[in-house]
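Notes follow once the structure below has been shown.
We did not get these values from a lab; they are worked out from the coordinates using the rules stated. Just so it is clear, the model here is predicted, and its values are computed rather than measured. Cβ placement follows ideal geometry from the backbone for every residue including glycine, while neighbour counts extend to all protein chains displayed.
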């Protein structure tokens, strides 16, 4: 009867409006277990440590290899992906909380629409749609490609927003991810043709000027993206853009 | 949407005013105070010179009062729209140097705002009640140990706010982008904090 188990303490919430509460679970240990496989175990047998039958814990997941960003949650105080959170590397009881900066859908599942809406606002894409073939486009210098590749690792997981002191209910700050995406698409030779539109958006409400430079984002980013360098680069770009738009006429042709 | 919005310009103005003119004024003010370490007369001469600059009221209003009110009031708004997340069990990495600086910048800003308001009342406003700004006026204030402690805390908070503000000024205006340049600027700002604090404290102690 000395079977190894894993203890969990999970912050649960029925729906967006209801009050959160903590519930403890104990699941049988398996080798190389991650947080998601433990949550699946709870889903199979939703009984808490008191032996009471309860509702299965809800969470979000998709790729299971840390590239989609969907399964982000706060594990033992750190915002990260639950797919790569290995039980063997975690202190027990494993404390699971939803990312509090986003509206909670249910239990550990959050609504990250705020971030996707920001990506739409800053036009984080390269517009190539049209009625005829635009051709291959300009070549990208290798050095730029390397930098862009690092930035392109962003999976919009929301960890940088979760840890940011300036992303909260009383501020409209969009957080690091969308700002870094502006840098990515402005680096792109074709994307840069619309860079002024993205910079305009970054200079709007909740834009780059509202960064408080606490630099938690760059520490927390699971992909190691140089977010603070991106933000600083965009601080510089938006300054040039502001001066050019006010004093100059370059922006009319560039 | 973005074109009409002015928050970007306001934030940039907030950052600029913190250094020019407010930071420059802070240094100049502390240097004038520092003349008190030489003698009472030296300070009175220096403060008289400053007080008798041509168009002094105009200078005060446009270089000090308006910038400081704008910077202070908008700064308080910024300070109260943040969610502070230093420390806490399991939140080890949250206690990073820059996150501390972020929180302290806002705390010191609020302290500086209160300190400066009281300081202006105790000195500049008293002129309207027939007092004269001189060595003796400050001496009267800081011989009370409670006020002395208050002034020292106020000076340290204000100087910290300036020194660390310089760091974010350099990022805001696009000078320091790379990790390395930002790190070097952290050292520079720490040195400025120590040196300017020293000047400020040495000056205030000379009034006892």
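Tabulated results
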{"item": "Distance between region B:129-208 and region B:37-116 - C-alpha centres, whole angstrom", "result": "8 Å"}
{"item": "Cα-only Debye scattering, chain A: base-10 log of I(q)/I(0) at q = 0.09, 0.12, 0.17 Å⁻¹", "result": "-0.48, -0.76, -1.22"}
{"item": "Cα centroid separation, region A:1-38 to region A:180-246 (Å)", "result": "39 Å"}
{"item": "Helix B:145-172 axis, angle to chain B major axis (alpha carbon atoms, nearest 10°)", "result": "40 degrees"}
{"item": "Additional length obtainable on full extension of the chain from residue B:38 to residue B:73, 0.36 nm per residue less Cα span", "result": "9.0 nm"}
{"item": "Using alpha carbons only: equivalent-ellipsoid semi-axes of region A:113-253, gyration tensor based, whole Å", "result": "25, 19, 14"}
{"item": "Label-to-label distance, nm, for residues given as residue B:20 and residue B:123 (7 Å Cα→Cβ offset)", "result": "2.5 nm"}
{"item": "Highest-fluctuation residue, A:232, A:176, A:70 considered, GNM on chain A with Cα pairs under 10 Å", "result": "A:232"}
{"item": "Mean separation of Cα contacts under 8 Å, 6 or more apart, over the residue count of region A:5-110: relative contact order %", "result": "34 percent"}
{"item": "Distance from region A:101-122 to region A:129-174 (C-alpha centre basis), Å", "result": "17 Å"}
{"item": "Principal-axis tilt of helix A:142-152 within chain A, Cα atoms, nearest 10 degrees", "result": "40 degrees"}
{"item": "Largest to smallest principal axis extent of the C-alpha atoms in chain B, angstrom", "result": "53, 43, 28"}
{"item": "Peptides B:23-29, B:54-60 ordered by average Cβ neighbours within 10 Å, highest first", "result": "B:23-29, B:54-60"}
{"item": "Separation in nanometres of the label points that stand 7 Å from Cα toward Cβ, at residue B:147 and residue A:92", "result": "6.4 nm"}
{"item": "Cα long-axis angle, helix A:227-247 against chain A (0 to 90 degrees, to the nearest 10)", "result": "30 degrees"}
{"item": "Shielding by partners - mean other protein chain Cβ count within 10 Å, residues of A:210-222", "result": "6"}
{"item": "Burial order of peptide ranges A:182-189, A:243-250, A:211-218 (average beta-carbon count within 10 Å, highest first)", "result": "A:211-218, A:182-189, A:243-250"}
{"item": "Footprinting exposure proxy for A:193, A:203, A:73 (fewest neighbouring C-beta atoms within 10 Å first)", "result": "A:193, A:203, A:73"}
{"item": "Alpha-carbon spread of region A:140-193, three principal axes, descending order, Å", "result": "41, 20, 13"}
{"item": "Fewest-first sequence of A:57, A:35 by Cβ atoms within 10 Å of each Cβ", "result": "A:57, A:35"}
{"item": "Percent of alpha-carbon pairs separated by more than 32 Å within the protein assembly as shown", "result": "51 percent"}
{"item": "Listed peptides B:123-131, A:60-68, B:10-18 by packing density, highest first (mean Cβ within 10 Å)", "result": "B:10-18, A:60-68, B:123-131"}
{"item": "Residues B:139, B:34, B:94 arranged by fewest to most Cβ contacts within 10 Å", "result": "B:139, B:34, B:94"}
{"item": "Two-site label geometry, residue B:97 and residue A:193: point separation in nm, points 7 Å out along Cα→Cβ", "result": "4.4 nm"}
{"item": "Residue of A:92, A:181, A:109 that the Gaussian network model of chain A assigns the largest fluctuation, springs spanning Cα pairs under 10 Å", "result": "A:92"}
{"item": "Gaussian network model of chain A, Cα within-10 Å springs - most flexible of A:139, A:236, A:30", "result": "A:139"}
{"item": "Size descriptor, Kirkwood hydrodynamic radius, that averages inverse alpha-carbon separations across region A:35-135, Å", "result": "15.9 Å"}
